[in-house]
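Taking it in order: structure first as structure tokens, then the write-up.
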Ligand code: PRP
């Protein structure tokens, strides 16, 4: 039986773009386009098996070898620092990590700053490099609510179009980290399935230059 390459795709809009890139690279799996709730799709002929994974979980699947390769945002890689190889910047899923707050926010440096975020580690590193004392409030989503309800002074979150901030009357204080999607590989898989992984990498890399 042919060895299969297991690929974790981030579920959602970005994942569909990523799949199209893999398809163009010569690793199609037409059944993935069927509109159903299935999470695993394979094409034995070309030797690939795709999984739809929650975007923030891709790195865990790859680190632990449940997937050989996958696509994860640089935000997740910086936040969790998984033990994987980062092979390629796919130049898609571009956004920025930013500090945002209400329009009338002024930083009072005599007080500890409260920061609501999903990205505690990134936020800590950012403020520690500025010598600013903070208190992290760890949230899992809808971060924009926190300053509005005075749960925090600021948020550290991803800004793409800026429309979520605008709709909630928040403003960017500083964009401090550009983010994009990265191709990552399990370290052992890279050794034993290196040939096919490098082939995919080369073809994806050509597509990112177009
Ligand atoms: C992300 C992020 C912002 C939004 C930014 O949220 O946390 O809320 O996207 O995008 P924009 O600048 O284009 O408006 P996501 O949709 O992942 O949901 P979440 O609230 O669960 O974090």
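The values are calculated or read from the model by the stated rules, or taken from the named source; none is laboratory data. It should be emphasised that the depicted structure is a prediction, and the values quoted were computed from it without experimental measurement. Backbone-built Cβ (ideal geometry, glycine too); neighbour counts: all protein chains shown.
Residue count for the stretch 64-96 under the criterion of being over 11 Å from the mean Cα position of the chain (by Cα) and crowded, with 20+ Cβ neighbours inside 10 Å: the result is 5. Residue 188 passes every criterion in (1) more than 30 Å from residue 20 (Cβ to Cβ); (2) in contact (Cβ under 8 Å) with a residue 24 or more places away in the chain apart from (1).
Just give me the residues in the stretch 41-58 being assigned to a loop (DSSP other than H, G, I, E, B), in contact with a strand residue (DSSP E or B) (Cβ under 8 Å, 6 or more places away or on another chain) and more than 16 Å from the ligand (Cβ to nearest atom), in sequence order.
47
If the condition is being within 11 Å of the ligand (Cβ to nearest atom) and surrounded by 19 or more Cβ atoms within 10 Å (Cβ to Cβ), then the stretch 117-143 contributes 117, 118, 119, 143.
Of all residues in the stretch 68-96, those that are over 19 Å from residue 17 (Cβ atoms) have Cβ atoms under 6 Å from Cβ atoms of residues that are part of a loop (DSSP other than H, G, I, E, B) and away from the ligand (no atom under 13 Å from the Cβ), 6 or more apart or on another chain, in 68/186; 68/193. Within the stretch 180-210, the set of residues being in contact with a strand residue (DSSP E or B) (Cβ under 9 Å, 6 or more places away or on another chain) and part of a loop (DSSP other than H, G, I, E, B) comprises 180, 186, 193.
Quick one: in the stretch 140-179, which of the residues that are in a loop (DSSP other than H, G, I, E, B) and in contact (Cβ under 8 Å) with a residue 60 or more places away in the chain is nearest to residue 73 (Cα to Cα)? Can you show your working first?
So in the stretch 140-179, the residues in a loop (DSSP other than H, G, I, E, B) come out as 140-144, 149-153, 160-162, 168-169.
Still in the list and also in contact (Cβ under 8 Å) with a residue 60 or more places away in the chain: 160, 169.
Numbers: 160: 13, 169: 26 Å.
Within the stretch 140-179, the match that is nearest to residue 73 (Cα to Cα) is 160.
No other residue among 24, 38, 33 is farther than 27 Å from residue 78 by Cα, modelled with pLDDT of 95 or more, surrounded by fewer than 18 Cβ atoms within 10 Å (Cβ to Cβ) and away from the ligand (no atom under 16 Å from the Cβ) apart from 24. Every test in (1) surrounded by fewer than 14 Cβ atoms within 10 Å (Cβ to Cβ); (2) modelled with pLDDT of 95 or more; (3) more than 16 Å from the ligand (Cβ to nearest atom) is passed by residue 109 save one, and that test is (2).
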